[in-house]
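Asker: Next up is a structure, given as structure tokens.
The values are calculated or read from the model by the stated rules, or taken from the named source; none is laboratory data. Everything numeric here is computed off the predicted structure, so don't read it as measured data. Cβ coordinates were reconstructed from backbone atoms using ideal geometry, including for glycine residues, and neighbour counts include every protein chain displayed. Protein only, heavy atoms only, side chains kept; ligands, DNA and RNA dropped before computing areas. Shrake-Rupley method; radii C 1.70, N 1.55, O 1.52, S 1.80 Å.
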Amino acid sequence: MRSKIFISVVVVVLFVIVVIFTTNDEDKVANSETQALITSRAIDVARDFKKEQFTIDYDESSDYFSYDNLSDRRKQAEEKYSEYVTESHMTKILMTALDIIGPNLAQDSKSNLSVKDISFKIGNMETESEVSLDYDIEIEFERIEQGSENKIISNFGQLRVIKTDDGWKVSKDIQRIEGLHEVR
């Protein structure tokens, strides 16, 4: 009788252990899928922001310099970027003139700008509410002048995307723009 009780207890304990390990693996898979979805949303916002920043029509690029004061410039930048960036990053964009980098490049090189390619790698932060990303972006300069050769420059940057009440937004973007002398 004792051996039957002992065997029953051992079977129950083994069953509990198997259930615990199986449930743990299922939770890990679910958490991994959830984090992948979160990261995917963050990357989508980052990609849309960079495309908005570097898709510039030469004929319209002079419009970026037609504002009379900082509040007009802020309004123009908010129309273009508010869907993608936090309020604090919008202020940084305006204070460091990041909003006019693309139009300046278009004017200086007499080109239409577009994002040819952009790739992202997860940086050092990946949580449910914040993702840091390293990116490589290729910007194509389509020359307006007949016979001029199109140029492509590569750029590396890092950005941080956070979850806000309004969805995912870029809160920081540090970019290293190289190769500009080649297209100018």
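Asker: Please label the shape of segment 73-141 as rounded, prolate or oblate, based on the square roots a ≥ b ≥ c of the eigenvalues of the alpha-carbon gyration tensor (a/c under 1.5 means rounded; beyond that, a/b larger than b/c means prolate, else oblate).
Answerer: Working: a/c = 2.65, a/b = 1.25, b/c = 2.12.
Oblate, since a/c reaches 1.5 and b/c is not below a/b.
Asker: How long is the gain from Glu52 to Thr96 if the chain were fully straight, where each residue apart is worth 0.36 nm and the alpha carbon distance is subtracted?
Answerer: Values: separation 44, 0.36 × 44 = 15.84 nm, distance 1.75 nm.
Residue separation times 0.36 nm, minus the Cα-Cα distance, leaves 14.1 nm.
Asker: Can you pull the one-decimal nm distance between simple spin-label points at Glu83 and Ser66, each 7 Å off the Cα toward Cβ?
Answerer: 2.2 nm
Asker: Hey, another quick one. Scan around Glu83 for amide H atoms under 5 Å from its own, H built in the peptide plane at 1.01 Å from N, and keep only partners 5 or more places away or cross-chain.
Answerer: none
Asker: Now a separate question. Sorted by average packing, counted as other Cβ atoms within 10 angstrom per residue and highest first, what order do 82-88, 60-66 take? All intermediate terms of the calculation are to be shown ahead of the outcome.
Answerer: On the way: 82-88: 16.9, 60-66: 13.4.
Going by the mean number of other Cβ atoms within 10 Å, highest first, we get 82-88, 60-66.
Asker: Which one of Ile100, Ser132, Asn155 is farthest out on the positive end of the charge dipole of segment 88-184, using unit charges on Cβ (Lys, Arg +1; Asp, Glu -1) and the Cα centre as origin?
Answerer: My answer, from the dipole projection, is Ile100.
Asker: How large a share of the accessible area of segment 34-184, in percent, is made up of carbon and sulfur atoms when the probe is 1.4 Å and the other protein chains stay in place?
Answerer: Working: 3530 of 8260 Å².
Result for segment 34-184: 43 percent of the exposed heavy-atom area is carbon or sulfur.
Asker: Here's another thing I want to ask about it. Please get the size of the charge dipole for segment 103-184, origin at its Cα centre, with Cβ charges of +1 on Lys and Arg and -1 on Asp and Glu, quoted in debye to the nearest 20. The partial results should precede the final answer.
Answerer: On the way: 11 positive and 17 negative charges, 35 e Å.
It works out to roughly 160 debye.
Asker: Something else now. Out of all DSSP beta bridges with both ends in segment 48-184, state the antiparallel percent to the nearest 5. Could the numbers behind the result be given before it?
Answerer: Values: 35 of 36 bridges.
Looking only at bridges with both residues in segment 48-184, the antiparallel portion is about 95 percent.
Asker: Let me ask another. Kindly report the accessible area of segment 54-184 per residue (heavy atoms of protein chains, probe 1.4 Å, no ligands, DNA or RNA), in Å². The partial results should precede the final answer.
Answerer: Values: 7350 Å² over 131 residues.
That works out to 56 Å² for each residue.
Asker: Is the C-alpha gyration tensor of segment 40-184 telling us rounded, prolate or oblate? Criteria: a/c under 1.5 is rounded; beyond that, a/b larger than b/c is prolate, otherwise oblate.
Answerer: Details: a/c = 2.38, a/b = 1.35, b/c = 1.76.
Note, shape of segment 40-184 comes out oblate.
Asker: Could you give the length gained on full extension between Ile122 and Asp165, defined as 0.36 nm per residue of separation minus the Cα-Cα distance, in nm?
Answerer: Working: separation 43, 0.36 × 43 = 15.48 nm, distance 2.28 nm.
Computed gain between Ile122 and Asp165 is 13.2 nm.
Asker: Would you mind counting up the charge near Glu83? Only other residues with Cβ under 9 Å from its Cβ, with Lys and Arg at +1 and Asp and Glu at -1. Could the numbers behind the result be given before it?
Answerer: Numbers: positive: Lys80, Lys169; negative: Asp48, Glu52, Asp166.
Residues near Glu83 contribute -1 overall.
Asker: Compute the separation of the alpha-carbon centres of segment 112-131 and segment 46-82 and state it in Å as a whole number.
Answerer: Segment 112-131 and segment 46-82 have Cα centres spaced 21 Å from each other.
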